[in-house]
Amino acid sequence: MSQPVLQFESGAASASRDNLARRTAHGFVWLMAQTVGSKIVGMGGQVILAWLLTPDDFGLWGSASIVMGFSGLIQQAGLRETLIHRQRTYHLWANTAFWMSVGLGLLGAFLIEPKDPLPIEKADGDFVFVLNDGAHGYTFNGKSFPATDPLVAKLGQKIRIRFMNEGMMIHPMHLHGMHMTVIAKDGWPVPAPWKCDTLNVAPGERWDVIVNCNNPGTWAFHCHILPHAESAMGMFGMVTALVVQK
């Protein structure tokens, strides 16, 4: 004889399960909205950051594609501090995104000329050399040989070269064919200018030199730590030339 079976159905338990399912669905939707929203905001921020950090001729979308490759570092750096709180006492040099841009060669010099320059400072041409050894390799102004730009002057002209080492290594700059006259360090005139053909430029240093272009020809100009300038495959990296035209 079969035993009777009593069945109970709790309306409260059913309602609890429905409530849990509804909350789970709402939580999942909210999580997806946050994820997608953060990606959209991050993309917009990267485009804005690329626009702020790169030169006009580089192209906005080209700049954005480079910065997007380092999206994790960009998020850690904090777009909020970079773009919104720039007016506060935030130390930009500690910003990861800023250092990324320096390593990629996206950095230039801001020059303030004296109203009355010293006679030794007067020159027919002015060149800036930003030295770097970061994510982009060994570079002059963000480019490695053979993409580096040569210095061009006419015979008899005097040119000024400003070295800025934004890398992490020392770079002894060596000029063939002529000597350099050192006239300033870190923006301050040196008390006694001196002549050399190799000048050590340490990280963070700025040196100004004058070159009297009195020897026609094409003269190599490179870092004299040779692994920074040549390999078994030939010249590369921190190599350019001074072209003195007749």
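Filter region 107-133 for residues that are more than 17 Å from ARG162 (Cα to Cα) and buried (at least 20 other Cβ atoms within 10 Å of the Cβ) and give the result.
Matches in region 107-133: ASP133 only.
Regarding region 213-229, can at least one residue be identified that is out of contact with any strand residue (DSSP E or B) (no Cβ under 8 Å at 6 or more places or on another chain) and within 18 Å of PHE145 (Cβ to Cβ)?
The answer is yes; a qualifying residue exists.
More than 12 Å from PHE127 (Cβ to Cβ), in contact (Cβ under 8 Å) with a residue 40 or more places away in the chain and not charged (D, E, K, R): which single residue out of GLY204, GLY187, GLY167, GLY217 fits that description? Outline the logic, then answer.
Working: GLY204 fails: in contact (Cβ under 8 Å) with a residue 40 or more places away in the chain; GLY187 fails: in contact (Cβ under 8 Å) with a residue 40 or more places away in the chain; GLY167 fails: in contact (Cβ under 8 Å) with a residue 40 or more places away in the chain.
Testing whether each residue is more than 12 Å from PHE127 (Cβ to Cβ), in contact (Cβ under 8 Å) with a residue 40 or more places away in the chain and not charged (D, E, K, R) leaves just GLY217.
Out of contact with any strand residue (DSSP E or B) (no Cβ under 8 Å at 6 or more places or on another chain) and more than 19 Å from PHE127 (Cβ to Cβ): is that true of GLY234 in this structure? It would help to see each step written out before you state the result.
Working: out of contact with any strand residue (DSSP E or B) (no Cβ under 8 Å at 6 or more places or on another chain): yes; more than 19 Å from PHE127 (Cβ to Cβ): yes.
Yes.
For region 143-198, name all the residues that are under 16 Å from LEU118 (Cα atoms), of a type in the set (Val, Ile, Thr) and within 28 Å of the chain's Cα centre (by Cα).
ILE159, ILE161, VAL182, ILE183
Computed from the coordinates by the stated procedures, all read-outs in this text should not be read as laboratory data. As the structure is a prediction and not an experimental result, all values here were calculated from the model. Here the Cβ is made from the backbone with ideal geometry for all residues, glycine too, and neighbour counts use every protein chain on show.
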